[in-house]
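The values are calculated or read from the model by the stated rules, or taken from the named source; none is laboratory data. Quantities reported herein were computed from a predicted structural model and do not represent experimental measurements. A quick note on method: Cβ atoms are made from the backbone with ideal geometry, for glycine too, and the neighbour counts reach across all protein chains shown. Quick note on the areas: whole protein, heavy atoms, side chains included, nothing else; ligands and nucleic acids left out. Shrake-Rupley method; radii C 1.70, N 1.55, O 1.52, S 1.80 Å.
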Amino acid sequence: MADSGGSEMSDFTATYSETATVESNSNHIGNGSVAYEKVDSEESLRNRRRLNGTAVNHRDEDLRKTTSSSQQNGLNFSKHNTSSGDKESFEEVSLISACLTYLGFYLLMVLGYINQLLFKPKVTKEENREGYVPLYNSFERFYMLYIYRRVRDCWNRPICSVPGAELTLKDRITPDYGWTFEFTGTQTRCLNLGSYNYLGFAAADGPCADDSAKMIEKRGLAYCSSRQELGTSFLHQDLEALTAKFLGTEDAIVFGMGFATNALNLPTLMSPGCLVLSDEKNHASIILGLRLSGATIKVFKHNNMKDLERVLRDALVYGQPKTGAPWKKMIICVEGVYSMEGSIVKLPEIVALKKKYKAYIYLDEAHSIGATGPHGRGIVDYYGLDPSDVDILMGTFTKSFGSAGGYIAGSKRLINFLRTNSHAHWYASSMSPPVAQQIFTSMSIILGLDGTNEGRRRIEQLARNTRYFRRRLAQIGVITYGHEDSPVIPLLVYLFSKIGAVVRTLTTRKIAVVGVGFPATPIMEGRIRFCLSAAHTKEQLDYALNVIDEISDKLGLKYSRKPRDPNPIEY
Amino acid sequence: MIKSITDFINYWYFRYLMVTELYMVEKWERVTIHVIFLVIFLLFWYFNYSVLLSFTGRILGITPISSVLHAATTSKFSAAA
């Protein structure tokens with residue numbers, strides 16, 4: 001892991017290069033042969049060019065610098081991109097598969113239109129609306145009725161147990177291709193690879209559940225009021241203090257809803273005349289918040305620092321549209337772990353850019369808090385950065401803490417500003433006592449305040465599970481996206497049929513997974529998303545991997561054209 | 001023997017259905033698409049046979065076998081006469 005050992009961040013460049021060195025070293029250990037081969041081929045290419053008498057151009061010089069040494073100071077993105085590029089992979093599918101995916105999608109569209117023409121859809125119709133434009137007609141509606149509906153049994157599946165390492169699915173059948181469902185009355189116990197239960201705190205027993213149950217007896221279920229009125233209690237204040245301590249910031253503020261934390265606080269912080277640089281894969285809540293704020297939004301390519309700098313520089317040079325006036329402020333909006341791509345933000349580069357261009361950073365750690373970093377403190381901890389480098393740290397309690405809600409952490413001034421201005425703080429009802437208690441107990445365990453090593457054990461277990469599962473999947477030969485340390489693992493299957501077939505087949509083998517398709521991903525990039533947990537044991541993962549190996553042969557999921565590791569992967 | 005052949009055909013038919021997304025549609029829709037595929041194939045075949053074949057033959061200088069046969073028969077007749 002790229003931990004620079006908590007070294008002082010005053011001289012950023014030194015720490016930065018150190019981080020890069022550590023990373024590249026670990027890469028060479030990981031897949032040394034591949035990395036060296038690449039260097040060799042570059043070297044030979046250069047030599048060949050010299051032999052041919054071609055002048056060695058400037059780019060070649062750059063290339064040699066980046067491959068030979070990593071002692072340079074300053075910002076050299078190409079270097080870091082290659083070093084973390086080895087850890088992060090976005091393998092492209094072959095042209096023929098892409099063409100077939102498009103062809104299949106057009107076939108489905110054609111069939112959908114034919115079906116719509118011949119039969120009336122079995123949904124409620126708007127009546128007594130003569131002369132009105134239909135309110136609910138759109139492409140999304142057509143998509144829902146004629147593409148999504150056909151494999152609807154693979155989504156929104158009802159469960160009737162706590163979603164821990166295993167869960168109980170309620171079986172259902174559809175007599176009419178997904179228009180309606182009937183419960184059969186039976187249940188299936190499945191291995192759960194679909195919940196964001198990263199640290200395994202979603203459990204029906206244990207200290208978290210006991211404390212929450214006690215809190216219900218003590219404080220009831222809700223305060224029925226907003227934080228600014230009657231909804232604040234010692235619980236919230238303790239939780240905020242603990243969150244600030246956990247993250248290493250001056251202060252923190254908690255909200256009862258994670259989505260609203262983004263959607264309602266971004267408009268508080270930004271206004272028209274501000275510039276926002278938003279990653280193209282940002283979550284819907286961030287996009288909604290940014291749109292509500294009225295700020296100018298510039299989107300940059302996913303995790304592409306060169307593109308970010310280009311967009312940032314262009315926007316800085318040209319100023320506000322029409323007037324050309326300087327921007328009120330600039331904010332870079334990124335997520336820690338991207339939930340659909342499984343990639344990890346390149347935070348050191350973004351911090352360097354922020355310092356260079358004097359922009360602010362808004363970091364959404366919804367999926368990374370608890371799940372990454374040696375202490376479970378998210379991406380800042382993962383890269384060993386100073387929390388004060390990131391101006392606004394946002395995150396949710398829904399995932400790793402097994403609860404609900406969200407927080408924003410940062411400087412005292414920022415949090416005070418939010419306490420007086422945030423709509424979520426003023427108007428949304430405050431966090432329920434048992435929910436707050438669940439977070440409090442789980443966070444105490446992660447911090448080790450309960451006097452045990454349990455938190456540390458869970459973080460390490462998750463990290464091991466993640467590495468193991470990702471490497472085994474790569475060995476199987478399927479395409480997975482993202483960073484090797486991210487516990488969200490998307491397995492690319494591209495086609496809707498394959499999402500359906502994989503989810504159905506895995507259910508028969510007692511494994512519950514989540515398929516993701518349009519509108520959460522681009523239409524052509526359907527995927528199966530595995531979310532690992534510290535609650536999973538090696539045996540459970542082995543079982544799942546063996547089944548995946550078997551079905552990926554049968555269903556044709558082995559799209560990857562990378563060289564595979566012939567040696568058995570150690571846990 | 002026969003079973004393995006049918007298994008093989010069934011398996012690859014299933015894979016074909018997956019790739020064309022026909023796996024998840026209703027049966028009558030599957031039939032419709034296959035009829036459309038067949039019609040398109042036949043149209044292409046006819047087009048290739050009637051237009052493209054003589055066109056490429058003229059470009060590459062290949063005489064169609066039918067006209068060769070025709071010429072041979074006519075010349076034989078003329079020789080006999």
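Descriptive notes on the structure:
- Flag for A:Thr174 being more than 17 Å from A:Thr507 (Cβ to Cβ), surrounded by fewer than 17 Cβ atoms within 10 Å (Cβ to Cβ) and either away from chain B (no Cβ under 14 Å) or not hydrophobic (A, V, I, L, M, F, W, C) (or both): no
- Which numbered condition A:Tyr494 misses (of (1) over 21 Å from A:Phe259 (Cα atoms); (2) free of Cβ contacts under 8 Å to residues at least 40 places away in the same chain): (2)
- Odd one out for A:Thr268 among (1) out of contact with any His (no Cβ under 9 Å at 6 or more places or on another chain); (2) open to solvent by 20 Å² or more (accessible area, probe 1.4 Å); (3) in contact (Cβ under 8 Å) with a residue 60 or more places away in the chain; (4) assigned to a helix (DSSP H, G or I): (1)
- Scanning region B:20-31 for residues that are in contact with a helix residue (DSSP H, G or I) (Cβ under 7 Å, 6 or more places away or on another chain) and at negative phi yields a count of 7.
- Residues (under 20 Å from A:Val351 (Cβ atoms), among the aliphatic types (A, V, I, L, M) and either out of contact with any strand residue (DSSP E or B) (no Cβ under 7 Å at 6 or more places or on another chain) or free of Cβ contacts under 8 Å to residues at least 24 places away in the same chain (or both)) located in region A:300-325: A:Met305, A:Leu316
- So A:Ser486, is it within 14 Å of chain B (Cβ to nearest Cβ) and at pLDDT 90 or above: no
- Filtered residue count, region A:326-356, keeping only those that are farther than 19 Å from A:His367 by Cα and in contact (Cβ under 8 Å) with a residue 40 or more places away in the chain: 11
Every residue, every condition in (1) more than 15 Å from the chain's Cα centre (by Cα); (2) closer than 30 Å to A:Thr174 by Cα, yes or no:
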position: B:Phe37; (1), (2): no, yes
position: B:Phe47; (1), (2): no, no
position: B:Val51; (1), (2): no, no
position: B:Leu60; (1), (2): yes, no
position: B:Ser67; (1), (2): yes, no
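- Flag if B:Tyr11 is of a type in the set (Ser, Thr, Tyr), without any contact (Cβ under 8 Å) to a residue 24 or more places away in the chain, closer than 30 Å to A:Lys558 by Cβ and open to solvent by less than 70 Å² (accessible area, probe 1.4 Å): yes
- Selection from region A:97-107 of residues that are open to solvent by 80 Å² or more (accessible area, probe 1.4 Å) and more than 10 Å from chain B (Cβ to nearest Cβ): A:Tyr102
- Residue in region A:491-504 that is more than 14 Å from chain B (Cβ to nearest Cβ), open to solvent by 10 Å² or more (accessible area, probe 1.4 Å) and either modelled with pLDDT under 95 or assigned to a helix (DSSP H, G or I) (or both) present: no
- Enumeration of residues in region A:231-252 that are assigned to a helix (DSSP H, G or I) and open to solvent by 50 Å² or more (accessible area, probe 1.4 Å): A:Phe234, A:Gln237, A:Asp238, A:Ala241, A:Lys245
- Pairs, first farther than 30 Å from A:Ser400 by Cα in region A:164-176, second among the acidic types (Asp, Glu) and surrounded by fewer than 19 Cβ atoms within 10 Å (Cβ to Cβ), C-beta under 9 Å, six or more apart: A:Ile173/A:Asp153; A:Ile173/A:Glu182; A:Thr174/A:Asp153; A:Thr174/A:Glu182; A:Pro175/A:Glu182
- Of all residues in region A:538-558, those satisfying the criterion of being over 23 Å from the mean Cα position of the chain (by Cα) and either away from chain B (no Cβ under 14 Å) or open to solvent by 40 Å² or more (accessible area, probe 1.4 Å) (or both) are A:Lys538, A:Glu539, A:Gln540, A:Asp542, A:Tyr543, A:Asn546, A:Val547, A:Asp549, A:Glu550, A:Asp553, A:Lys554, A:Lys558.
- Residue within region A:456-477 that is assigned to a helix (DSSP H, G or I), buried (at least 22 other Cβ atoms within 10 Å of the Cβ), under 22 Å from the mean Cα position of the chain (by Cα) and in the same structural domain as A:Gly231 (by TED's automatic domain parsing) present: no
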